[in-house]
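Working notes for the structure below.
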Amino acid sequence: MNNKIFIGIDIGGTKISIVFFKNYKIIKKLKLATNPIDSPTKNKPELIAENILKSIDGYKNNVFEIGIATTGIINNGKWSVLNRQILGEFYNFPLTKYIQDKLKVPVFAFSDTEAAALAEFEFGAGQKLSNFFYITVSTGVGGSMVIENKLYSKSPNLAGAFGHMVIAQNGKLCGCGRRGCIEAYASGTAIDKILKQSKYKDLTTKDMLLNYNKAAWSKKIIEEVSKYLAEGVVNVNSLLGIDQFIIGGSIGLNSIVFDEIKKQTKLISKEKIKFKKAKLKNDAEVFGCLAKSSIHKLSVN
């Protein structure tokens, strides 16, 4: 098995990361658009699976196992969307069976935020923490937790679904169908909508954070987004008593956003809430797959 490859796959709302591991080391990375213009995948999960299969076809004879971390809901290997605005609308697509039947290797799948939390616990910023809450702020907003040195996983329910915590009654419509969710106010998708309705409609969230983060209008958006995230953090702290938070995701890892979340949290809570950036950054989800793999389980037992 030492010569075999483990593949970790992270299916996000915008991109898919495929990472090849050998003896715990990354040997290759591939990036795909989740919904490419030339072959749109919205409402078509089988196309997403086929794009993944095409990308790893040349390596299939050397693979011993594949782990998938994905946005949405996974229940016994079946994949359903949560935010219909991101990937469209489909339910109970047999994701693991579809790929396993084609490649003839074991495949497992679980939530992307669960994967990231597990990765940070095993290999990253949460290694010395027995309790913490992981939040990802990217295309969407998600969360998962480690409690008493164990990943809290109650799939397929939404325990830990931080982004779909309502913080504004009768607020903005979220892609999940509810109103007032954090994700409707503080995700990359939400920021893109704000920009589209302004005179900066040609900019993306990435443009804003990289090139205009010192502009007054940009600072105002970041402040508003961070206020909603801070409300969620304080709610989690009040409900569960967790005071350690790890922030990940392409937006959450931005230093200006990260610092603003800390600032806004301090303004509304007297508790000593502590924050860390995700150490594994954008590889957290695939490292979470590695942590859940059979080879890792054998190595720690």
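Worth a mention:
- For LYS266 and ARG84, the FRET efficiency from 1/(1 + (r/R0)^6), where r spans their Cβ atoms and R0 equals 45 Å, is about 0.80.
- Under-5 Å amide H pairs with MET165, H placed in peptide plane, nonlocal only: ILE182, GLU183
- For region 125-278, fraction of C-alpha pairs farther apart than 24 Å, in %: 30
- Residue-wise HN-Hα coupling along region 165-170, computed from phi with Karplus coefficients 6.51, -1.76, 1.60 (Hz; x: Gly, Pro): 7, 7, 10, 9, 4, 6
- Calculated mean residue ellipticity, 222 nm, the chain: -11000 deg cm²/dmol, from DSSP H runs (n ≥ 4) at -39500 (n - 2.57) each, averaged per residue and rounded to 500.
- Euclidean distance between Cα centres, region 5-65 to region 94-115, Å: 11
- Annotation: amide H-H contacts under 5 Å for TRP79 (H modelled 1.01 Å from N, sequence separation of 5 or more, or interchain): ASN92, PHE93, LEU95.
- Simple label model, 7 Å out from Cα along Cβ direction - SER39 to LEU173, nm: 3.2
- Bridges between two residues of region 125-278, per DSSP, are antiparallel at a rate of about 55%.
- Separation in nanometres of the label points that stand 7 Å from Cα toward Cβ, at LYS206 and LYS219: 2.6
- Distribution of pairwise C-alpha distances over region 189-298, 5 Å bins, in %: 2, 11, 19, 17, 16, 15, 10, 6, 3, 1, 0, 0
- Isotropically averaged projected area of the chain, using the convex hull of Cα atoms (one quarter of hull area), nm²: 15.5
- Helical segments meeting 18 Å axial Cα length and Kyte-Doolittle -0.5 threshold in the chain (DSSP H): 216-240, 255-268
- In order through region 126-132: 3J(HN,Hα) via Karplus (6.51 cos²θ - 1.76 cosθ + 1.60), integer Hz, x for Gly, Pro: x, 4, 9, 10, 8, 9, 7
- Simple spin-label estimate for SER294 and SER238 gives 4.7 nm between the two label positions (7 Å along the Cα-to-Cβ direction from each Cα).
We did not get these values from a lab; they are worked out from the coordinates using the rules stated. The structure displayed is predicted, hence computed values, not measured ones. Using ideal geometry, Cβ is built from the backbone for each residue, glycine included, and neighbour counts are taken over all protein chains shown.
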